[in-house]
1. So, counting K/R as plus one and D/E as minus one, what does the shell of residues with Cβ under 12 Å around Tyr24 add up to?
2. When averaged across all projection directions, what area in nm² does the alpha-carbon convex hull of region 230-286 cover?
3. Highest GNM mean-square fluctuation, the chain, Cα pairs closer than 10 Å: which of Gly238, Gly153, Gly173?
4. Find the Rg to Rh ratio for region 165-285, where Rh is the Kirkwood radius over alpha-carbon pairs and Rg uses the same atoms.
5. So how compact is region 152-205: Cα radius of gyration and Dmax in angstrom?
6. Residue by residue, what Karplus-based ³J(HN,Hα) values in Hz, rounded to whole numbers, does region 85-94 have, using 6.51, -1.76 and 1.60 with θ = phi - 60° and x for Gly and Pro?
7. What's the exposure ranking of Ile130, Ile208, Ile81, going from fewest to most Cβ atoms within 10 Å?
8. Can you put Met140, Met1 in order of Cβ neighbours within 10 angstrom, beginning with the fewest?
Amino acid sequence: MRTALAPAKVNLFLHVGPVDSDGYHPLASLVAFADVGDRVSVAPADGLSLTVEGPFAAALAGEADNLILRVLRRLGEAAGIGEPPLAITLDKRLPVAAGLGGGSADAGAALKLARDALGLVLDDAALADIAGLVGADGPMCLHARAAWAEGRGDRLAFEPALPPLPALLVNPGVPSPTAVVYRAFDAGPAAAADRPAPPRDWTPGTVIDWLGEQRNDLQAPAVALQPLIGEVLAEFAGLPSARLVRMSGSGATVFALFDAPSDATAAAAMLRALRPDWWIAPTLLG
């Protein structure tokens, strides 16, 4: 059996423009990946199957066609082997509809594991083309590397200079579906999907200060739809050690950045005591 982490994706900032004539929103974002996420395992089998377990498995129980199965069927077509004969196990540890790219990360991890298990001669660029079937997050989550994302999120430029950033991820247990948030966004005035100039240097303190000058244009409409996201933001605001607090993607997960991992761990303990029903995960983004 082969196993891999499907890491959580965090939009450190997200600038969104008005919808275009094709129904898509241009965006600019700097994306980082956490050291927490789902776990995907593959093992040889007589046919293709998927078993979902873990603390958030129930949220996927009604899903007719998981993204993992979709991309693996496409992988089989590309390799000319039909459905890959693999048993997939997804340990679902990330909240669903949380702005963390969980489904795309699961699909990306499954593609790499399946390629290696089957000995297929396909590089990551070929896998990224397949991962694009799940949406703009697909290729970036397959690579799972810090990157600038532009266009519809499909134009990627990796950013190796981004330093590790101690962080805390918090989800209040409410879904924040991307399509619904975008509809609320479209009802208000839109800014521009501008890509800012990079920070003057890539030391952690400078990067955090620079991120503070950016924004997540989906945060306000998401909070309006799910006021509990606003409660998370307010709880973070009361933590003196938090350097930056922002929602990731279309929510409902909120992240805070800290100067040191010990600050993130202490903040996690404090919040768990106050809100034991929330999903709270200290992590390192990079």
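1. -3
2. On the way: hull surface 15.4 nm².
Mean projected area of the Cα convex hull: 3.9 nm².
3. Gly238
4. On the way: Rg = 14.7 Å, Rh = 15.1 Å.
For region 165-285, the value is 0.98.
5. Gyration radius and largest Cα-Cα distance of region 152-205: 16.0, 38 Å.
6. Calculated HN-Hα couplings, in order: x, 9, 9, 9, 10, 10, 8, 7, 10, 9 Hz.
7. On the way: Ile130 24, Ile208 19, Ile81 12.
Fewest-to-most ranking of Ile130, Ile208, Ile81: Ile81, Ile208, Ile130.
8. Numbers: Met140 27, Met1 10.
Arranged by neighbour count, lowest to highest, Met140, Met1 become Met1, Met140.
Read-outs: derived from the displayed coordinates by stated rules, not from any lab. Bear in mind that the values here come from a model prediction, so they are computed numbers and not experimental data. Here the Cβ is made from the backbone with ideal geometry for all residues, glycine too, and neighbour counts use every protein chain on show.
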